[in-house]
Amino acid sequence: MSDFAMYHALGQDSNNPNGQQQQNAPDPYRPHVVASPGGYQQAGSPAVGQAPYQYGTPNPNASMPPTPNYFPPQQSLPTSPNVDQLTSQMGAVGLGVEQAIPHKPKKKDRHAYHDIGTPVGTSQPFNGFPASGTPNQFLNQNTPPVGGAQWQSPQITPAMSQFPAATPLFSPAMPASPMQHAARTGPVPFGSPAPAQAPKLDPEQTPSVPKSRDAPARYYLDNVYPTMEYHLPPPALTPFVAFDQGNSSPKFARLTLNSIPTSADALAATHLPLGLILQPLAPLQEGEVPIPVLDFGDSGPPRCRRCRAYINPFMTFKSGGNKFVCNMCTFPNDVSPEYFAPTDPSGVRVDRLQRPELSMGTVDFMVPKEYWGKEPVGLRWLFLIDVSAEAVNRQFLDGFCEGIMHALYGPEGDAADENTQKRIPKGAKVGIATFDKDLHFYNLSAGLESAQMLVVPDLEDPFVPLSDGLFVDPQESKPIITSLLAQLPTMFSNIKNPEPALLPTLNAALMALSATGGKIVCSLAALPTWGPGRLFLRDDGSMHSADAEKKLLATEHPGFKKVGQKLVESGCGIDFFLAAPSGGYLDIATIGHVAAVTGGEVFYYPNFHSPRDTLKLSKEITHTVSRETGYQALMKVRCSNGLQVSAYHGNFFHHTFGADLEFGVIDADKAIGVLFSYDGKLDPKLDAHFQAALLYTTAGGERRVRCCNLVASVNEGAAQTMKFVDQDAVVNIIAREAAARMAEKSLKDIRAALTEKTIDILAGYRKAFSGNNPPGQLVLPETLKEFTMFILGLIKSRAFKGGKEPTDRRVHDMRMIKSMGPLELSLYLYPRIIAIHNLDEKDGFPNEKGHLKMPSTIRATFGKMEEGGAYIVDNGQICLLWLHANVSPNLLEDLFGPGQTSLKKLDAFTSSLPVLETHLNAQVRNILQCIESNRGSKALTIQLARQGLDGADYEFARLLYEDRNNEAQSYGDWLVHVHKQIQLELSGQRKKEETDGLASAGSTFVGLRTPYWG
Ligand SMILES: [Zn+2]
C-alpha cells in the first residue's frame, strides 16, 4: 500500500488550510483529500469550444482565505456486517463436503439482443447459503452508473435467482429491473445478425473496459464483498472491502473458474485454464479486518494427517467433535485433546465463532521450531549502492541515497519516530555497502562517531570484513546512517571509477546474509563490466532475428545463476534499482534473473533523468522498504481429490516439480499463478477446495504460515462454469503462461498462440454454451466480455509487441508480468484515462458519505481525445499527463500556477503538481492520490506528454490500445478478425496456424500448447 504520509508535507509547505486536518487524520493509509480552497465554481462540461471561456474568467475567489471547516470529515467505508451473525449462519448451514449443491433443472440459456451497454447481472447462491440483506452478486461488466434504486430493492432470494421468472428481451430504452439484472446470465451478442462479410463494428458497441471498471467501482463504494455469498469477484481494478466469510478474499486468491466442471473433457470444451492466482501478502484496504495471527503453541496448527492440509473453515467435525474430516482428501482425523470442542446438534463446533481458523478464509498461524529453517530474526536490509562514475554523473547516487533516507526516516529526516516504526518493524536491521570496481562495507555501530569504511581488497575471493556493526538498528544508529548517506555522493564524486563490479558484490552480500537471510536492495547505473562475472554488451541493437532475440531474453551466465540459487537457499532476495545510461543496455536478462529467481523485483529507469525521476526513485525505495515483506519462504498449494497442480508460474525458485516453491523474499505486490489438471473426476455433489500455505518469516522476525482457503462449486457439463469465470484471473494465467514461454518460443509464435487461445475460448463457448444465435453474430460470454481487449493489450505490451523493442525492456516487462497481481496486470493491459479539462465541479472531492467522487474513465483511443483536452493516462507503470496542443492557457495556470500559460513554458521534467489554491489543481491532485492508492508496486509520479513536444507523446500513442498501433490491429479490427476465425471454426474450416498475418507459425506452434492451451 502506498504511503500517503509523505504527501502531507506537500500541503503543509504551501500553507494548505487542511494541513492540520490531514495530520489529524485517524488512519495514515487513507488518502487525505485536498480541500477546495474556496467557492470557485467551475463551469459545466466544456468540450472543444467552451474551454477557453471556462478558463477565461479570472477566479474571483482565488485569494480568499479558505474556511477551515470546508472539508467535511471523512467517514469510513461501509463497515463489515456483523461477523458473529454471519459465521453463525455459516455454522447453521453446515458448510463443507457433505453439503450438496441443489440440483438445477436444465434451463435454456437466455439471450438478449440488446445494446452492449445494457446492464445485466446474476446471482447464484452457494450451496444453499442464505442470502443476507446485502444486494446480490454484482456480475455485470458493462453497466450504466449504478448505485441507484435498482441496486437496493427488492431483495432477491436464492430461489428467485435460480429459477428466474421469464424475462422479456431487454431493450436499451427500457431499464432492467433488479430481477432482470439478477436473473440474466446469458451471453452478449453483438454485430450484425446477418451473415457478416467483415462487418464494420461501431466502436461504441464494442465491450468497454472503462465501463466495466467504473460501474463496479461505484457499487463497491457503498457495498462490501462478502466472500461466501458472492461467487464472482469484482473486476481486479475495483477497490472493494472484502468481508471474509470463510473463503479467502479475492485480494489474496482468485480462481479462474468459480464453478468447476466435473471432468477434464468438460473443461476442455471451454478451452479455459483451471488456475489460481495467489497474492498471499496482498495489502488490505481500510475497513477490512486485519489477518488474524493464531498461535497453537508447540503443537502447531492442527493439520490433516494424510495430506497435511491445515485446519480451515471447510473441515467438518464428526463423532461429537472427536474427528475432523479433511476437505481436501476426506480423511477422518482425530481431534487432539487440546483442540477438542463438542459439536452442537447440527454438527457444528460450539466454539466455531471464537475460532478464526474455522470461520475465516485467510489466517496466519504462528509455527513452532520444526517449521524453522533458521532461527527467525528481524529482517536484515542490506543496501548495495553503486558509486561508480555513471551513478555519480547522473545523480542516480544522490537520488538513491536520498531515497534510502526517506525510506528509513521519512521525508523530513528528523520526523517523529512513529513513521520509522511503521516502515521498518522492530527487530529489523539495516546495513550499507557501496561498490564500484571496489567493494566497501560500513561499520554503522551506534557507539562510533561516524561510519567506518572497510574495503574488500580481493574481488576474486570476496569476504565480509566485519561482523559487529554491519547490521544495526536504524534508530540507534540514525546519526551515523544519515550522515553517511548524505556524504556518499560527495565522497565518490572525486573518485569516479567507471566500471562497477556487480557479481563479486552480490557474492559478498550473500556471505553477509547467509546466517540469517534477508533482503538486498541494490542500485546499478551502468553495465557491470568489471571483475569476475563481468557482463558484455550482448545487445547492440543490431540483432533482430527471432533466435538472436530469444537468446538475449534469457541468461546463461553461470555466475549470476549460481548466486541467485544460493541467495534463495540462504533465505535472501534482492530488488534492483537499475538506471540505464542514456537508455543503454544493462543486460537485465542476466541481472534481473537474480531478482526473479529470489522473489525480488526490478525497478527500471530506462532513461534516468535526475530532475524528473528522483521523486519516483525515492518513492519506490520507500515502497520497497515499507510494503509487507516476508523472507525465507516456501509455498505449497493443495487441492481436492480429483485435481492436481500441473504448473506454477511466477518469480521464484523451484527445484523439481512436486517440491515446494521457494522464495528468498516475497512481498505484498507479488503474485503466483497455479494451474490444475484432473487426475480423476470430481463429484458434482461436493465442492472443490484449494488451500495455499505460505511458510515465511515476517519482517519483524516471526515464523508463520499464511493460509488461504478457497472453495468452488462443481458442475456437470460446464455450462454453469461459463457463468462464474473470473476474467481477470483467466487473463492473468494466460499472460503468465505466455511470459514463461518467452525464452523458448519466438515472439511471433507467442502472439499467434495468444490469438489462437482467444479464438479457441470464444469458439468453444459458441459451440457448446451459447445456444442458438444467428451465425453472423459474435457472441461473447457475459463473464468474458472484455477478455479480447485484454488479450489485445497483452499482444501490444512491451513484452510481446511486434517490431523493435530493446531486449532489456522486453525481458523486464516479461518478468514483471510473471509476478504481477491481477490489479496491476489489469492496468498494465489497459490504462485508465481520465479527462481533466471537463471535470464536474464535484469530481475529485468527497461526496456526502466521504467517498471521493471519481470521474468516469474513458476509452484508450485517440478518437476520444478532445481538441484542447488534458488527460491523465495511467498504466500502473507510468502516469502521463497528456496535454493537447491547443489546451487552454487558463487550464495550465490553474493546474501549474501563475505564468504557466503555454505548453512551452512548462517545465518538461515536472514530476508532481504544485499545491495551488485553485479548484482544478485540488481536484487533480485528489484524483491522482486516489488512483495512487489503487495501483501496484510502482510509484505514481506524473510525466508530461505535451502533444508534439515531449517524447512521452509517443508513449501516450502507444498506450492507446484500442487504436491500430504497436504493429497490431485496432480493437474493432481485432474483434472482426476473431469473429471471422470463430465462424471458420464453427464451419470446420479454420486453419489453426493462420493468424493475423502471422502465418507460418508452423508446426512448432503445437509445442507451445500445454495441456490447457489446448
Ligand atoms: Zn487431508
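The values are calculated or read from the model by the stated rules, or taken from the named source; none is laboratory data. What you see is a predicted model; the values in this text were computed from it and never measured. Counting neighbours? That spans all protein chains shown, and the Cβs are built from the backbone with ideal geometry, glycine included. Remember, those area values only see protein heavy atoms, side chains included, never the ligands or the DNA or RNA. Shrake-Rupley method; radii C 1.70, N 1.55, O 1.52, S 1.80 Å.
Numbers at a glance
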{"quantity": "Subset tally (residues that are assigned to a strand (DSSP E or B) and open to solvent by 10 Å² or more (accessible area, probe 1.4 Å)) for region 843-894", "calculated": "2"}
{"quantity": "Tally of residues being more than 27 Å from the chain's Cα centre (by Cα) and polar (S, T, N, Q) across region 548-592", "calculated": "2"}
{"quantity": "Single unsatisfied condition, Asp265 versus (1) in contact (Cβ under 8 Å) with a residue 12 or more places away in the chain; (2) more than 16 Å from the ligand (Cβ to nearest atom)", "calculated": "(1)"}
{"quantity": "Filter result for Ala668 (touching a Pro at 6+ places or on another chain (Cβ under 6 Å), in contact (Cβ under 8 Å) with a residue 60 or more places away in the chain, away from the ligand (no atom under 16 Å from the Cβ) and over 19 Å from Lys561 (Cα atoms))", "calculated": "yes"}
{"quantity": "Filtered residue count, region 651-677, keeping only those that are of a type outside the set (A, V, I, L, M, F, W, C) and open to solvent by less than 10 Å² (accessible area, probe 1.4 Å)", "calculated": "3"}
{"quantity": "Residue match in region 926-939 (condition: in contact with a helix residue (DSSP H, G or I) (Cβ under 6 Å, 6 or more places away or on another chain) and either within 25 Å of Gly868 (Cα to Cα) or surrounded by 19 or more Cβ atoms within 10 Å (Cβ to Cβ) (or both))", "calculated": "yes"}
{"quantity": "Where a residue in region 303-318 is in a strand (DSSP E or B) and its partner, wherever it lies, is more than 9 Å from the ligand (Cβ to nearest atom) and open to solvent by 40 Å² or more (accessible area, probe 1.4 Å), with Cβ under 8 Å and at least six apart", "calculated": "Thr316/Glu98; Phe317/Lys323; Lys318/Pro332"}
{"quantity": "So Ser336, is it within 16 Å of the ligand (Cβ to nearest atom) and surrounded by fewer than 14 Cβ atoms within 10 Å (Cβ to Cβ)", "calculated": "yes"}
{"quantity": "Residue within region 345-353 that is modelled with pLDDT under 95, open to solvent by 20 Å² or more (accessible area, probe 1.4 Å), in contact with an Asp or Glu (Cβ under 7 Å, 6 or more places away or on another chain) and away from the ligand (no atom under 16 Å from the Cβ) present", "calculated": "yes"}
{"quantity": "Options Phe324, Phe296, Phe331; residue that is of a type in the set (Phe, Trp, Tyr), within 16 Å of the ligand (Cβ to nearest atom) and out of contact with any strand residue (DSSP E or B) (no Cβ under 6 Å at 6 or more places or on another chain)", "calculated": "Phe331"}
{"quantity": "Residue tally, condition open to solvent by 60 Å² or more (accessible area, probe 1.4 Å) and within 16 Å of the ligand (Cβ to nearest atom), over region 299-321", "calculated": "4"}
{"quantity": "Total residues in region 490-511, condition part of a helix (DSSP H, G or I), buried (at least 24 other Cβ atoms within 10 Å of the Cβ) and of a type outside the set (S, T, N, Q)", "calculated": "5"}
{"quantity": "Which numbered condition Leu384 fails, given (1) in a loop (DSSP other than H, G, I, E, B); (2) among the hydrophobic types (A, V, I, L, M, F, W, C); (3) away from the ligand (no atom under 16 Å from the Cβ)", "calculated": "(1)"}
{"quantity": "Selection within region 268-293 - open to solvent by 20 Å² or more (accessible area, probe 1.4 Å), in contact (Cβ under 8 Å) with a residue 24 or more places away in the chain and out of contact with any helix residue (DSSP H, G or I) (no Cβ under 6 Å at 6 or more places or on another chain)", "calculated": "Ala268, Gln279, Pro283, Leu284, Gln285, Glu286, Gly287, Glu288, Val289, Ile291, Val293"}
{"quantity": "Boolean, Met360 is within 16 Å of the ligand (Cβ to nearest atom), in contact (Cβ under 8 Å) with a residue 24 or more places away in the chain and buried (at least 21 other Cβ atoms within 10 Å of the Cβ)", "calculated": "no"}
{"quantity": "Strands (runs of 3 or more DSSP E) fully within region 403-489 counting 1 or more residues that are at pLDDT below 95", "calculated": "452-456"}
{"quantity": "Number of positions in region 802-842 that are open to solvent by less than 10 Å² (accessible area, probe 1.4 Å), over 21 Å from Ile734 (Cβ atoms) and in a loop (DSSP other than H, G, I, E, B)", "calculated": "3"}
{"quantity": "Hits in region 645-660 - residues which are within 21 Å of Val731 (Cα to Cα) and part of a strand (DSSP E or B)", "calculated": "Val645, Ser646, Ala647, Tyr648, His649"}
{"quantity": "Hey, Cys708 within 16 Å of the ligand (Cβ to nearest atom) and buried (at least 19 other Cβ atoms within 10 Å of the Cβ) or not", "calculated": "no"}
{"quantity": "Residue match in region 677-685 (condition: free of Cβ contacts under 8 Å to residues at least 12 places away in the same chain and not in a loop (DSSP other than H, G, I, E, B))", "calculated": "no"}
{"quantity": "Unmet requirement for Pro250, which otherwise passes all of (1) over 18 Å from Phe365 (Cβ atoms); (2) out of contact with any Cys (no Cβ under 9 Å at 6 or more places or on another chain); (3) within 16 Å of the ligand (Cβ to nearest atom)", "calculated": "(3)"}
{"quantity": "Pair list, Cβ < 7 Å and 6+ apart or interchain, from region 518-531 residues that are open to solvent by less than 10 Å² (accessible area, probe 1.4 Å) to residues that are in a strand (DSSP E or B) and β-branched (Val, Ile, Thr)", "calculated": "Lys519/Thr629; Lys519/Val665; Ile520/Ile574; Cys522/Ile574; Ser523/Ile385"}
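Quick grid of which residues meet (1) open to solvent by less than 10 Å² (accessible area, probe 1.4 Å); (2) within 16 Å of the ligand (Cβ to nearest atom):
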{"position": "Lys616", "(1), (2)": "no, no"}
{"position": "Val625", "(1), (2)": "yes, no"}
{"position": "Tyr631", "(1), (2)": "yes, no"}
{"position": "Lys636", "(1), (2)": "no, yes"}
{"position": "Lys685", "(1), (2)": "no, no"}
{"position": "Ala688", "(1), (2)": "yes, yes"}
